[in-house]
Amino acid sequence: MDVQEKTVEQKSNKITREEKNTKKAEAHNVETYRELYDALTSGDDEVTVNIKNNITINGSIDISSRYVTINGEANTINGANQYQFLNISSGNTVIINNLTITNCTSTGNGGAIYNYWGSNLSVNNTQFTGNHAETGGAIYNYYSNLTVTGTQFTDNHATNDGGAIENYMYSNLTVTDTQFTDNHATLGGAIEN
């Protein structure tokens, strides 16, 4: 009996030490752009954001946390035809669930989201509508991994390639149960791979 208790105690101590090395915040419930921006740029290793209201953004957000989950709760992020929503880089992992992302724009890559340099983006049950960019009207995926499931891309536009998605340079793209409607580009109205 003493041996079992000691083993359990040793395992518990190890887990506790590992947990102390990870900077993990409690879930952020956000209703404004400022709250969303602060949560996504907190620098915590793991961040969960629950969007509690429709939000019009005032600028693009550069993800600074290693593991981010954004639960849209059927709310909308609106770029007001001025701003890109997210820049995801440097090996970060982002999961987006049940969110509408609309009217985002970029004069460069990824109207709504630019996912690059070894990052991982998973988009689930989300809608991208009316987003615009030079390349990748909704999402530009560069040297990264992108998984899209149960999502709708409608009326996204790129001046050059990838009306909805541009998947470029050694990137991995998996698309399942997803609809593409009225997306436009010079090359690859829905997807340019």
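Things worth noting here:
- Note on the chain: percent of Cα-Cα distances in each 10 Å bin, starting at 0 and stopping at the bin with the largest distance, equals 10, 36, 31, 11, 6, 4, 1, 0.
- For region 81-97, putting each phi into the Karplus relation 6.51 cos²θ - 1.76 cosθ + 1.60 with θ = phi - 60° gives couplings of 6, 10, 10, 7, 7, 10, 10, 10, 9, 6, x, 6, 10, 10, 10, 10, 10 Hz, in residue order, rounded to whole numbers and with x for Gly and Pro.
- By accessible area, using a 1.4 Å probe on protein heavy atoms only, the chain has 42% of its surface on carbon and sulfur.
- Lys/Arg +1, Asp/Glu -1 at C-beta; the chain dipole; positive extreme among Tyr143, Val175, Asn92: Asn92
The values are calculated or read from the model by the stated rules, or taken from the named source; none is laboratory data. On a predicted model such as this, the values are computed, not experimentally measured, just so you know. Methodologically, a virtual Cβ is constructed for each residue, glycine included, from the backbone with ideal geometry; neighbour enumeration extends over all protein chains shown. For the accessible areas, the whole protein counts, side chains as well, though only heavy atoms, and no ligand, DNA or RNA atoms are used. Shrake-Rupley method; radii C 1.70, N 1.55, O 1.52, S 1.80 Å.
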